[in-house]
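The structure under discussion appears below in the form of structure tokens.
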Amino acid sequence: MDYTTYQAEDFVLDPDFQQWVYRPTPEADHFWDAFLAAHPEKKSEIESARHILLTFRLDQHSLTETDLQEVKLAIHEKIAENDQEASPEKVLRRSAFREPKVWLKLAAVFIGFLVVSMLAVQFLAQPDEITYSTGYNETQTVLLPDSSTVIINANSTLSMVGSWEKETDRVVRLEGEAFFEVKKKPQFGNQKFIVRTRNASIEVLGTEFNVNNRRQKTQIVLSSGKVKLTNHLISEKDVLMEPGELAALSQDQPEIIQQKVETEKYTSWIDKKLMLDNTSMKTMAELLEDHYGFEVIIEDEQQAARKFSATTTLTLSDVNALLDLIEKSFDVKIIKQDRQIIIKNN
């Protein structure tokens, strides 16, 4: 495949490129790193294509080859029409709407796909909103406008207003998991730094902390500094956290529960490590689903509550080592079929 001739839309529709974005492997990482090193002029196209795929998760839609060609044609015509200063309505009539059945079938995908494609080539830019998304088994480090740093874990999304003014609070929204290192900048005065999840708000005062917002639950682990946690369900009960504490709440258990923990156990993923210590099989199964994108089936419900008794550290990139550890530690058999993992009793 001659990727040197590819534009952003070509990368988006390329199965191998999609596989790398959604299911990265060391071999694929090596290939694309080498390609970018040899062809740095393709960096912008690749970054735009990755953003499109990670934003709209085209791997979750069933599209035929004809459908994909229709998407590609629509993008090409949008670019051509834009160069001629044609109206968006005319472009849509000439491309997506010319096959009504295809348009109805793919409307949800096409609308988002075309909008983000135009964003990627600066046709309909909206600079006030910024979103960062990661795929499975992928992390990303983001420098915020106030020089605070966020490390976003796999399968997560961080969004915020692009330009922060001195008069307004610094607010970010998180779905998934991220580690925050917040700076207090003089030019931002006494602005609050607030992280919002589905069921909580975390107000920060110069600190380092981890937020995990998955499965209708929010869990905060504070490494240093101080935060104030506001429960959206019980707003009158704010909680102040001290370093070394974990605070958790959920839709089913809205009361904020606090406990002392070893913070390294919850932040080791930053160094691409997984620390296991008294960890249940259910927690491991959730990790396989949230971080790697597997569907996990534990056939024996009693197995889900069993806990890993030893203390060990694994490399997050080596999912096979984790599966082998689960097999040996819990005396179970693991059957891996594509993106599904079945855990059976021996």
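Derivation of every value follows stated rules applied to the coordinates shown; laboratory data play no part. Since we're looking at a predicted model, the values are computed, not measured. Here the Cβ is made from the backbone with ideal geometry for all residues, glycine too, and neighbour counts use every protein chain on show.
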Exercise. Which is farthest toward the positive dipole end of the range 220-346 among GLN253, THR311, ILE234, measuring Cα position about the Cα centre, with Cβ charges +1 (Lys, Arg) and -1 (Asp, Glu)?
Worked result: THR311
Exercise. Over the Cα atoms of the range 198-346, Rg to Rh with Kirkwood Rh, two decimal places?
Worked result: 1.01
Exercise. For the range 232-272, treating each Cα as an identical point scatterer without solvent, what Debye log10 I(q)/I(0) comes out at q = 0.15 1/Å?
Worked result: -0.47
For this session: Report, largest value first, the span of the C-alpha coordinates of the range 231-313 along each principal axis, in whole Å.
Result: 41, 27, 24
Exercise. In the structure displayed, which of LYS260/LYS307; LYS183/LYS228; LYS228/LYS265; LYS237/LYS265; LYS43/LYS265; LYS217/LYS333 lie more than 24 Å apart, Cα to Cα?
Worked result: LYS237/LYS265; LYS43/LYS265; LYS217/LYS333
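If packing is taken as the average number of other Cβ atoms within 10 Å across a peptide's residues, how do 159-165, 282-288, 334-340, 7-13 rank, most packed first?
7-13, 282-288, 159-165, 334-340
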Problem set entry | Neighbour net charge for TYR3 - beta-carbon separation under 10 angstrom, K R +1, D E -1 | -4
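How much net charge surrounds TYR292 when only other residues with a Cβ under 10 Å from its Cβ are counted (Lys, Arg +1; Asp, Glu -1)?
Result for the local shell: 0.
If you take the Cα Rg of the range 130-224 and divide it by 2.2 N^0.38 Å, with N the number of residues, what do you get? Walk me through the intermediate numbers first.
Numbers: Rg = 12.6 Å, N = 95, 2.2 N^0.38 = 12.4 Å.
Computed over Cα atoms of the range 130-224, the ratio equals 1.01.
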Exercise. Over the range 192-321, what relative contact order in percent results from Cα pairs under 8 Å that are six or more residues apart?
Worked result: 16
Exercise. Under a Cβ-Cβ cut-off of 9 Å, what is the net charge of the residues other than LEU249 that fall near it, where Lys and Arg count +1 and Asp and Glu count -1?
Worked result: 0
